[in-house]
Amino acid sequence: MSKQKFTIRKARLEDLGAVTEIYNEAVVNTVSTFHLNPREEEHQLNWFYRHGERYPIFVGEEAGIILGWACLSPFSEREGYRYTVTDSVYVSPSFRCQGVGRNLLTRLCEEAGQLGYHSVVGVIARENTASIKLHERVGFTLRGELKEAGFKFGKWVDICYYQKFLSSS
């Protein structure tokens, strides 16, 4: 990546292949997600259209290359949780530790505030120290931990809940 800052923009349909490739790498190699199998094109297309304006997807791009992506998702479908969202941030292995994730998560939180959300929650595997550090750098605070809530790669994984408040109301 050059010293010139990359662009963060809302994802377009033509980005979906790169977004899926980045996500599927995480599915196969990390506990960043608890999907166990790579996502198929049809599933990803439905996922993309379900997000819409209320739950945007952003990509980090430089010279036509998608470096990473981030999105908001509902915390819960129950109406009382309508002001809280969860975040997802995934960066291509070639561009990790270069500020892509931090810039995407920062932009995502700004957008969440503009959309009227009160807080963003990160649901992170305890062993995913890179994501924990990322969330802490962007102002998230650890709110709780569930022991052995996930199971992947033949082992139980603890899950942490991080939260960032977007407004004082």
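Remarks
- Leading residue by the ranking (farthest from the chain's Cα centre (by Cα)) among those in region 131-159 that are among the aliphatic types (A, V, I, L, M) and buried (at least 16 other Cβ atoms within 10 Å of the Cβ): V157
- For region 1-58, residues that are aromatic (F, W, Y), within 14 Å of the chain's Cα centre (by Cα) and over 17 Å from L104 (Cα atoms) total 3.
- The residues on offer are V28, V89, V59, V19, and the sole one that is crowded, with 18+ Cβ neighbours inside 10 Å, among the β-branched types (V, I, T) and within 25 Å of D158 (Cβ to Cβ) is V89.
- Test: residue in region 106-118 that is exposed (fewer than 15 other Cβ atoms within 10 Å of the Cβ) and touching a residue at least 24 places away in the same chain (Cβ under 8 Å): yes
- Being in a loop (DSSP other than H, G, I, E, B) and in contact (Cβ under 8 Å) with a residue 24 or more places away in the chain holds for only one residue in S76, S131, S167, and it is S167.
- Region 118-130: number of residues that are closer than 27 Å to R82 by Cβ and more than 16 Å from the chain's Cα centre (by Cα): 1
- Sole exception among (1) closer than 18 Å to V100 by Cα; (2) at pLDDT 95 or above; (3) assigned to a loop (DSSP other than H, G, I, E, B); (4) out of contact with any strand residue (DSSP E or B) (no Cβ under 8 Å at 6 or more places or on another chain) for T20, by number: (3)
The values are calculated or read from the model by the stated rules, or taken from the named source; none is laboratory data. Remember, it's a predicted structure, so these values are computed and weren't measured experimentally. Reconstructed Cβ throughout: ideal geometry from the backbone, glycine too, with neighbour counts over all protein chains shown.
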